[in-house]
Amino acid sequence: MSPNGEKSPSSTKAMPAHRSLGLTDDQLLGFYAQMVLVRVMDDRLIALNRQGKVPLVASCQGSEAASMGLALAAKTDGSCFLFPYYRDMPLKLVMGVSPMETMIGHIGKDGNTFNGGRQFLLQGASPNFPMIHLSNVVGSNLSQAVGYAMGCKILGEDTVVFASFGDGGSSQGECHEAMNFAGIHKLPVVFCCYNNRLAISVPQEKQMAIEDLADRAAGYGFPGVVVDGTDSLEVFRAAKEAINRARDSSGGPTFLELKVERLKPHTSDDDDTRYRTPEDMEDSLRRDPLMRLNVYLMGLGILTPNLDEQFRQEARAEVNRVTDAAENAPWPDVSNLHGRLYAP
Ligand SMILES: Cc1ncc(C[n+]2csc(CCOP(=O)(O)OP(=O)(O)O)c2C)c(N)n1
């Protein structure tokens, strides 16, 4: 049980949930340590934004389990390609983007393979990683993902494509077009909708007349699954099942509705006290994914307070190191302004 009396994730199973999913204790501990690092990094990015050093932050706090659970499933599968969105810093870290690249990607310094300092929020693409993240235009990655999946299917590859987006993004026409096309052609796509019930300040009930976004999938001819997006292991399980379904001859797309929380304002430019009550925020904090995984691991005796403190110290040291290094890194060379924009 958590300090708030909530059940810890999947704690009622006889065999610990992660072991029944094929994850070892060490793998899950490493995953937890990475989640601690993500939290420290996110807090640092917000602090640097306040200092005028990072232009914008879209905090991932509250959606780490969703973002990282998906990435863990994709990474352990080994044949997935991802189209993340702006709240997916955790996903990128799990997929191998280093803390240094994450930091310089936000500050806009030279030396990050994603975008060479030409984009913000670590957007871009790099042949080093099976990921493309080109734009903050909500929903625009969905038709890219579906097109990529179509290409993979034509080429006979076994790639499964992930696209993440928010509940607000799901209202875009492009989302419906992408899901319709994916359903018709039974494409190997996993639509990963992070439902934090807010599109900036617009609550879910003003965006749609349904409770579960997953219900929409039936209209496109494929399954929609509601997942507790604050439970890393449930996300991992659902993502693995979706990958298997995508490869099944009678399978195709899956819509995962990941019910997450937003623990910070929409972005560093937003003041959420103008539209959220303190009670609403407290409810969200009770579902903090980091706290939930901590409670799960502590309950099993896999994590101890000492080890937890060690992870937190290591994370702070690493984030301090990359902050200093990134602040001292050169700005992109202006003579190379047009480099990488188009193929030579
Ligand atoms: C096509 C388009 N319209 C409007 C915006 C401005 N905008 C940026 S984020 C956002 C809200 C998106 O909310 P949601 O999809 O629920 O994702 P969340 O930020 O809550 O994770 C909006 C309207 C945009 N980027 N693109």
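Worth a mention:
- Listed residues P99, P90, P253, most fluctuating in the chain (Gaussian network, C-alpha, under 10 Å): P99
- Counted as membrane-span-like here are DSSP H helices of the chain whose alpha-carbon atoms extend 24 Å or more along the helix's own axis and whose Kyte-Doolittle mean is 1.0 or above; there are none.
- Of T102, T273, T304, the one that fluctuates the most in a GNM where the chain has Cα springs shorter than 10 Å: T273
- Environment charge at L258 (Cβ cut-off 13 Å; Lys +1, Arg +1, Asp -1, Glu -1): -3
- The residue among G62, N306, S171 whose Cα reaches farthest toward the positive pole of the charge dipole of the chain, with charges on the beta-carbon of Lys, Arg, Asp and Glu, is S171.
- Global form of the chain, assessed from the alpha-carbon gyration tensor, a/c cut-off 1.5: rounded
- Loop-located trypsin sites (Lys or Arg not before Pro) in the stretch 212-286, at most 14 other Cβ atoms within 10 Å (DSSP): none
- Label sites at R286 and R321, each approximated as a point 7 angstrom past Cα along Cα to Cβ, lie 4.0 nm apart.
- For the options V235, V38, V322, a Gaussian network treatment of the chain with springs between C-alpha atoms closer than 10 Å singles out V322 as fluctuating the most.
- Centroid-to-centroid, using Cα positions, the stretch 298-344 and the stretch 120-140 are 18 Å apart.
Values quoted throughout were computed directly from the atomic coordinates according to the rules given, and no laboratory measurement underlies them. Worth saying up front: this structure is predicted, and the values here are computed from it rather than measured. Here the Cβ is made from the backbone with ideal geometry for all residues, glycine too, and neighbour counts use every protein chain on show.
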